[in-house]
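Taking it in order: structure first as structure tokens, then the write-up.
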Amino acid sequence: MIGYVSIGLLALLSLSIPVGIVLFLLGFGVDTFFSPFPLIRGLGNMVWSTSNNATLIAIPFFVMLGEILVRSGVAARTYAALDKWISWLPGGLVHANVATATMFSATSGSSVATAATVATVAMPQAEKLGYDPKLFSGAIAAGGTLGIMIPPSINLIVYGFLTQTSIPQLFLAGLVPGIGLAVGFIVITAIICIIRPDLGGERRMFPMAEMLRALVHLIPIILLFTVIIGTIYKGWATPTEAAAVGVAGAVVIAAVFGGVSTRMFYESILGTVKITSMIMLVVLGASFLNFTLASAGLGNELRQFLDGLGLTPLMTILVIVGIYIVLGFFIETLSLMVVTIPIIVPLVVEMGYDPIWFGILMIVLIEMALITPPVGLNLYVVQGARQSGKMSEVMLGAVPYVMAMLLMAVALIAFPQIALYLPGALQ
């Protein structure tokens with residue numbers, strides 16, 4: 001059954017069939033060939049119970065929050081403000097790419113949306129100021145991946161929903177690794193540009209008065225993040241309610257800076273419907289596939305396979321890491337999560353590992369999948385924003401940041417408290 005599911009998944013994805021449909025088709029196949037019971041009769045109840053879960057309402061709210069901030073022009077002003085504060089580092093404006101992606105990750109919850117936002121704003125600057133296209137675009141693609149790590153994260157919400165794990169604790173657990181990755185990206189960029197100054201642009205210094213004036217455009221995003229996360233951890237709101245508060249806050253910010261218009265609302269709502277529909281189709285398909293896999297006994301089959309290898313728990317985790325890295329080359333990130341979670345997470349928990357810790361480790365590996373070819377979505381998003389040059393330039397530029405993610409994965413395995421300290425301290 002493991003071979004059938006793996007080969008079937010890759011074969012159907014290679015036909016460019018939408019991921020959600022692929023998951024349903026795999027579920028039908030498992031039901032037909034591996035189950036003695038007519039599992040398809042549970043399809044209606046499975047789809048209804050999954051889509052009727054209040055936790056998932058947070059997804060369209062967080063998507064809409066990001067859409068409003070992008071389409072109201074807040075993104076461009078934030079980028080310009082960060083440029084004034086950190087372009088003095090070796091690498092210049094490349095650091096603004098990472099910093100802007102970090103700030104928008106703290107509000108949008110989506111890696112692809114974050115990468116698209118920063119790429120749209122930053123790419124014209126790269127051509128104007130003569131930056132190396134590989135490093136510049138690679139930094140944007142890597143910075144965008146932080147959208148699924150730094151809370152609020154749509155992927156963490158999905159993980160919490162599928163594993164029945166506390167979403168607020170997952171948000172807390174992702175904060176330190178997310179910020180650590182952002183700092184790591186900046187450090188790697190600085191080291192590269194010290195060794196090869198020609199790859200970075202001019203290091204620019206601005207008068208202190210101008211830098212202080214630029215803070216006006218950073219404060220709203222910081223306040224918005226504080227309100228969203230603060231209301232969750234103070235117990236004043238659930239993640240869903242906090243997302244609704246965040247949307248209201250984004251509208252207020254857009255209004256203050258003159259970005260509110262009928263067209264802005266129309267584009268934001270349309271973008272929200274498109275993205276949410278895609279996510280929900282994948283989640284529904286995954287729920288049905290997970291139901292059929294569990295009923296057909298795939299979990300026991302995989303457990304017997306791993307037990308037969310005679311590995312220690314640590315070695316098993318390393319094998320799982322390797323599996324995620326390889327699958328990340330071929331499978332879209334959200335699909336990779338929802339397909340593997342019901343199979344892998346119970347095994348990990350059975351070995352004594354914390355599901356919150358493993359969720360953060362999985363997100364790091366999923367982030368790698370976003371910037372590794374041939375299916376790395378952020379690579380295509382950034383290349384689309386460039387509208388020139390070769391795709392290989394973006395891929396090469398992302399390589400140093402993949403190394404940073406690998407180091408973070410190793411650090412999480414060696415020191416689980418990187419992810420677990422904040423949830424434990426504030427519980």
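The values are calculated or read from the model by the stated rules, or taken from the named source; none is laboratory data. Model, not experiment: these values are computed from the prediction. With ideal geometry, Cβ positions are generated from the backbone for all residues, glycine too; neighbour counts draw on all protein chains shown. Side chains included, ligands, DNA and RNA excluded: accessible areas come from the protein's heavy atoms. Shrake-Rupley method; radii C 1.70, N 1.55, O 1.52, S 1.80 Å.
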Between VAL47 and LEU223, with labels modelled 7 Å along Cα→Cβ, what's the label distance in nm to one decimal, could you check? 4.5
Spin-label point model (7 Å from Cα, Cβ direction): what's the VAL326 to LYS128 distance in nm? 4.7
Sequence neighbours fewer than 8 away in the same chain don't count; with that in mind, list the lysines whose C-alpha is under 24 Å from LYS390. LYS128, LYS134
Listed residues ILE325, ILE21, ILE195, most fluctuating in the chain (Gaussian network, C-alpha, under 10 Å): ILE195
Please find the FRET efficiency linking ILE40 to SER388, where r is the Cβ-Cβ separation and R0 is fixed at 35 Å, and quote it to the nearest 0.05. 0.10
Rounded to the nearest 10 degrees, what's the angle between the helix 262-296 long axis and the longest principal axis of the chain, both from Cα atoms, 0 to 90? 30
Have a look at VAL321, VAL339, MET408 and report the one farthest towards the positive end of the charge dipole of the chain, computed about the Cα centre with Cβ charges (Lys/Arg +1, Asp/Glu -1). MET408
Solvent-accessible area of GLU393, probe 1.4 Å, all protein chains present, reported in Å² to the nearest ten, please. 50
So between SER277 and ILE7, what do we pick up on full extension, going 0.36 nm a residue minus the alpha carbon distance? 94.6 nm
Residue-averaged 222 nm ellipticity for the chain, from DSSP H runs of 4+ at -39500 (n - 2.57), nearest 500: -25500 deg cm²/dmol
Starting from the Kirkwood Rh over alpha-carbon pairs, what translational D in µm² s⁻¹ does the chain have by Stokes-Einstein at 4 °C and 1.567 mPa s? 59
Selection from GLY308, SER35, ILE186 lying farthest towards where the dipole of the chain points positive, charges on Cβ: ILE186
Tell me, in nm to one decimal, what length is gained between ILE269 and PHE305 on full extension, where the rule is 0.36 nm per residue of separation less the Cα-Cα distance? 8.3 nm
Specify the residue with the greatest mean-square fluctuation among ILE275, ILE154, ILE229, computed from a Gaussian network of the chain linking alpha-carbon atoms under 10 Å apart. ILE275
In whole Å, what is the distance between the alpha-carbon centres of segment 198-212 and segment 356-427? 28
DSSP-loop chymotrypsin sites (Phe, Trp or Tyr not before Pro) across segment 155-256, with at most 14 other Cβ within 10 angstrom: TRP236
How big is the dipole moment of the chain about its Cα centre under a simple scheme where the beta carbon of each Lys and Arg is +1, that of each Asp and Glu is -1, and everything else is neutral? Debye, nearest 20, please. 740
Dividing the mean separation of Cα pairs under 8 Å (6+ apart) by the residue count of segment 119-262 yields a relative contact order in percent of 20
Rounded to whole Hz and in sequence order, give me ³J(HN,Hα) for segment 367-372 from the Karplus expression 6.51 cos²θ - 1.76 cosθ + 1.60, θ = phi - 60°, writing x for Gly and Pro. 4, 4, 4, 6, 10, 10
